[in-house]
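Below is one structure; the comments refer to it alone.
The values are calculated or read from the model by the stated rules, or taken from the named source; none is laboratory data. Everything numeric in this text was worked out from a predicted model, so none of it was measured. All Cβ positions, glycine included, derive from the backbone under ideal geometry; neighbour counts span all protein chains shown. Side chains included, ligands, DNA and RNA excluded: accessible areas come from the protein's heavy atoms. Shrake-Rupley method; radii C 1.70, N 1.55, O 1.52, S 1.80 Å.
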Amino acid sequence: MADRRREPVSNPDSADSTTALPALGFDNSSPSFGASFVQSSASSPSTRAEYSRVDNDATDRHAPTTIAEEDEEDIADTFRRQDSGGLGIEAAGGSPNLGSGSAIPPHVRRAANAPVWSPDAALSTPGTSDPFLGRFPHDSAEATPDLTRERFSPYTGSYDEFQRSMPGDLHANASSPDFQQYLHASDNQPLRSAPSIRSAFNNNNGFHPGHECQTRRDFYQSRFSWLNGTIIFICILSTVLSGIFLGLALRAPRYGRYISTSDGAKMRPSTAILWTSIVAKIIELSFVTGFVSFLGQVLSRRAFSRSGGVTLSELSMWRWVVQPGTLITHWETAKYAGLSFLGMLSLLSAILTTLYAPAATALVQPMLKDGYLETRLLAGSVKSDFANILHIQQMCQSPITTDSQYGGTTCTQIEHAGLGFYNYHKYLADWRSEANSGNSSSDQTKRPLGFGLLYENTTVTAQWIDIINTTEVSKQYKRAINNVSLAMPHAGVFAAARDQRNGILQPEELDSEGTYKLEASVPSPVMKVLCVNMNKSELAPLVYAEWPDAEVVNATSWTNANLMAHATTANTTVVDEIFGWTKQDKENMLDFPPVFSRFPRPFNTILNHTSYAWGRPAIYLMGQGGDGTAGPNMTDIYTVCKIDVDITPYCSTQYEAGGSGGKMRALCGDPADDTVGDMAYVRSLTNATVRRGLSNWRDVGSDWANSLSLGTGLSDGEASNSRLLMQLQLVPESGSGNFDVKLNPLLPSMGEALAVLSGCTLLKSFIDAPFVDFWVCG
């Protein structure tokens with residue numbers, strides 16, 4: 001409100017003339033303000049007061065800028081103590097004089113015929129009903145604080161109504177309808193005491209804010225105003241967007257390639273996250289705007305309709321929503337208003353507003369999450385039969401393209417060596433960790449699993465199946481028998497998961513952050529290794545150099561004289577039953593025993609590579625132990641190992657793709673104890689059986705064995721891989737009365753090591769292979 005205590009007049013006789021108004025005089029005896037009224041003779045209400053300067057004290061100090069407000073009861077009591085040295089009020093009739101520089105109350109106007117103020121006028125009792133007029137002289141440079149509790153408000157009525165509402169002298173001398181006086185006592189009635197502020201605003205005394213404190217505009221506004229329309233629009237916008245977000249949070253849709261980095265995507269993930277955050281912030285701000293508007297409407301209505309009005313705590317509730325931190329810094333407000341219905345609603349709104357953005361980020365913002373489990377029929381390309389050596393050689397990448405005869409074999413052997421040794425090294429490292437931790441065991445189900453690597457970024461976990469009791473089987477045949485079966489996953493599932501016909505969203509389409517998991521009901525290849533310990537005499541019927549009339553055998557003669565290709569025998573051994581050498585196939589001799597060129601030296605191995613006709617599924621390896629520095633002396637103890645491949649329907653393949661690679665594993669069960677999984681291939685094809693002996697694999701296995709130097713014992717090559725394998729021979733426990741053989745809890749067995757070494761051939765053999773256990777020519 002502008003300061004209207006000093007207004008210019010249009011008197012041409014004075015440059016600094018003001019409207020002559022009645023005022024109260026002061027002297028230095030007042031304990032509160034340093035001034036008191038001086039009573040004079042009564043004057044008529046039309047008499048205009050004149051003022052003179054009254055010093056505050058001996059030093060004539062200026063009034064302070066801010067004066068502490070007294071309690072309203074003390075103020076009212078001060079009005080009554082006229083003769084106690086404080087502020088007194090003279091009865092109407094006197095005409096006090098206004099000193100030089102006095103402040104003129106803003107609510108009194110000079111009439112057109114009022115006399116001009118004169119500094120020589122005598123001080124008289126003011127002829128007005130306002131007891132606060134002229135109590136501070138205006139003789140200092142700084143503004144005197146206005147301590148009056150004015151009972152005036154802007155008046156919006158007509159001038160005639162304003163004049164009729166002015167009592168006594170104010171009605172006669174009013175010049176403009178700017179302000180309305182609250183006190184309705186007539187000027188000629190003596191004012192004994194002023195009503196207190198509490199009584200003035202008490203509804204029981206007839207005070208009504210809408211009538212007594214009128215504003216320039218009506219408190220009540222039309223509901224069709226532009227402001228109300230804007231608020232309604234904001235509330236509708238907040239409701240609609242909140243409903244959309246709620247539906248998205250409940251539905252949790254899968255956007256697929258609509259939000260991805262693929263070529264046909266509608267939006268990239270980063271853009272979707274940005275727009276979600278923007279819309280969430282719009283909902284938050286619009287909700288706050290609508291609620292604060294609602295809160296203001298409720299408090300305004302309470303201020304007019306409730307006798308007690310509203311409290312400061314209620315007036316500060318809007319800050320709880322806009323600035324939730326005020327609940328901590330100004331907790332007193334929540335203490336008084338928080339337990340009301342409106343307070344609890346405001347607290348709830350503050351909490352919801354604070355948590356809305358994090359909730360929208362967690363529930364609505366597109367993010368990577370596992371979807372629902374669904375059963376689907378996937379399509380995959382089949383280009384070759386299982387373990388087709390020609391197809392494997394075509395897949396091998398080599399810059400040499402002119403060597404048509406040996407180029408494919410050379411490339412595949414290098415690939416087998418790289419993958420085989422890597423897998424083997426990782427497997428041995430796992431064994432070292434198990435042995436150091438003390439968690440290793442002789443129970444094969446608790447021993448480290450097989451390991452493989454596919455496409456250099458997918459780790460493969462193989463599972464031991466068809467586990468036998470090594471101790472009991474060895475006792476049965478009176479020799480150490482190491483029989484293991486390692487099931488590998490179907491490698492063709494990797495390509496099927498990425499086939500565009502299946503429409504599976506790949507991690508690279510989601511900034512390499514997405515993952516998915518599938519379990520395919522397909523057969524699995526099984527690497528079977530059977531190793532049997534024999535002495536020299538028991539093995540002699542299978543060694544060509546020990547036969548009568550045998551030629552001199554060396555690396556050159558064994559290969560160039562075609563002895564290896566046509567060597568076969570029907571000799572009987574003590575292990576025919578164990579290896580299944582029934583010798584019933586007289587035509588192809590597929591069930592005949594192998595023939596080895598010679599006995600290898602200690603810690604060396606040789607291969608038979610003999611096959612009178614195509615179709616023999618297995619390859620054979622023979623090696624001799626030696627006198628180890630720490631282990632027992634196994635010199636003249638030979639081990640013959642049979643390595644072949646089966647296809648089992650009691651397994652499924654699980655593949656999990658990630659941004660930096662994938663994981664693949666074989667999940668197998670045993671039909672004997674009903675542990676076959678629901679996704680095992682036998683569940684899809686109930687009449688499926690185990691396919692024994694994969695004939696194609698013999699050619700693949702021969703290349704693999706040559707690449708790992710497993711046949712260098714023919715020339716006494718002393719290969720490191722052969723030495724390590726022979727150090728893993730099963731050794732009967734010394735000092736035992738019975739023949740007792742167990743798996744070493746601190747070392748892998750020779751059969752386990754060969755299965756892991758050859759596991760890479762199964763992964764290569766099943767790429768682009770059928771997803772059934774039989775081959776169908778189209």
Practice task
Please express the Cα-Cα pair-distance distribution P(r) of segment 416-463 as a list of whole percents, one per 10 Å bin, running from 0 to the bin with the greatest distance.
Solution key: 25, 50, 22, 2
Practice task
Write down the Kirkwood hydrodynamic radius of segment 234-302, to one decimal in angstroms, obtained as one divided by the mean of 1/r over all alpha carbon pairs.
Solution key: 14.2
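How large is the dipole of segment 367-520 about the Cα centre if only Lys and Arg carry +1 and Asp and Glu carry -1, each at its Cβ, rounded to the nearest 20 debye? Walk me through the numbers on the way to the answer.
Values: 13 positive and 17 negative charges, 134 e Å.
Roughly 640 debye, rounded to the nearest 20.
Provide Rg over Rh for segment 662-778; use the alpha carbon set for both Rg and the Kirkwood Rh (inverse mean inverse pair distance).
Rg/Rh: 1.05.
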Completion exercise
Here the convex hull volume per residue of segment 337-383, taken over Cα atoms and given in Å³, is 112
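GluC sites (Glu not before Pro), restricted to segment 436-524: which are DSSP loop and have at most 10 other Cβ atoms within 10 Å? Don't jump to the answer; show the numbers that get you there.
Working: sites: E456, E472, E508, E509, E513, E519; in loops: E456, E513.
Counting only loop positions with at most 10 other Cβ atoms within 10 Å, the GluC sites (Glu not before Pro) in segment 436-524 are E456.
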Exercise for the section: Before anything else, pin down the relative contact order of segment 223-325: Cα pairs under 8 Å, at least 6 apart, normalised by residue count, whole percent. Expected result: 26
Exercise for the section: Heavy atoms only, probe 1.4 angstrom, no DNA, RNA or ligands counted: give me Y258, Y516, Y427 ranked by accessible area, highest first. Expected result: Y258, Y516, Y427
Practice task
For segment 290-435, compute Rh as the Kirkwood radius over C-alpha pairs and then the Stokes-Einstein diffusion coefficient at 4 °C and 1.567 mPa s; write the answer in µm²/s, rounded to an integer.
Solution key: 55
Exercise for the section: State to the nearest 20 debye the size of the charge dipole of segment 246-385 about its Cα centre, where the only charges are +1 on K and R beta carbons and -1 on D and E beta carbons. Expected result: 220
Completion exercise
Quick calc: nm separation of the 7 Å Cα→Cβ label points for S305 and I273 -> 4.9
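Take the Cα radius of gyration of segment 296-344 and divide it by 2.2 N^0.38 Å, with N its residue count; two decimals is plenty.
Numbers: Rg = 10.8 Å, N = 49, 2.2 N^0.38 = 9.7 Å.
Normalised by 2.2 N^0.38 Å, the Cα Rg of segment 296-344 equals 1.12.
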Problem - Gap separating the Cα centres of segment 470-523 and segment 592-628, nearest whole Å - result: 30
Problem - Convex hull per residue volume in Å³, alpha carbons only, for segment 471-556 - result: 249
Fill in the blank from the handout: Dividing the surface of the Cα convex hull of segment 349-460 by four yields a projected area in nm² of 15.7
Completion exercise
For Y422, placing the label point 7 angstrom along Cα-to-beta-carbon and taking segment 453-486, residues whose amide nitrogen sits under 20 Å are 453-463
Exercise for the section: Filter the GluC sites (Glu not before Pro) in segment 659-764 to those in DSSP coil with at most 16 other Cβ atoms within 10 Å of their Cβ, and list the result. Expected result: E718, E733
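Quick one: length gained pulling T401 to S557 fully straight, 0.36 nm per residue minus the C-alpha distance?
Values: separation 156, 0.36 × 156 = 56.16 nm, distance 3.07 nm.
Once the chain is fully extended between T401 and S557, it gains 53.1 nm.
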Completion exercise
One would report the Cα pair-distance distribution of segment 419-529, bin width 5 Å, in %, as 2, 9, 14, 18, 16, 14, 11, 7, 4, 2, 2, 0, 0
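What does the convex hull of the alpha-carbon atoms of segment 689-739 project to on average, in nm²?
Across all orientations, segment 689-739 yields a mean hull projection of 6.8 nm².
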Practice task
Give me the accessible area of F287, 1.4 Å probe, in Å² rounded to the nearest 10.
Solution key: 70
Completion exercise
Taking only the alpha-carbon atoms of segment 575-732, the convex hull volume per residue, in cubic angstrom, is 200
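Suppose the chain between Q476 and R601 were pulled fully straight at 0.36 nm per residue; how much longer would it get relative to their current alpha carbon spacing? Please report the intermediate quantities before stating the final value.
Details: separation 125, 0.36 × 125 = 45.00 nm, distance 2.92 nm.
Additional length available on full extension: 42.1 nm.
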Completion exercise
Measuring from its Cα centre, segment 629-778 shows a charge dipole (+1 at each Lys and Arg Cβ, -1 at each Asp and Glu Cβ) which, in debye to the nearest 20, is 240
Exercise for the section: Measure off 7 Å from each Cα along the Cα-to-Cβ vector at N535 and T515, then give the distance between these two points in nanometres to one decimal. Expected result: 5.7
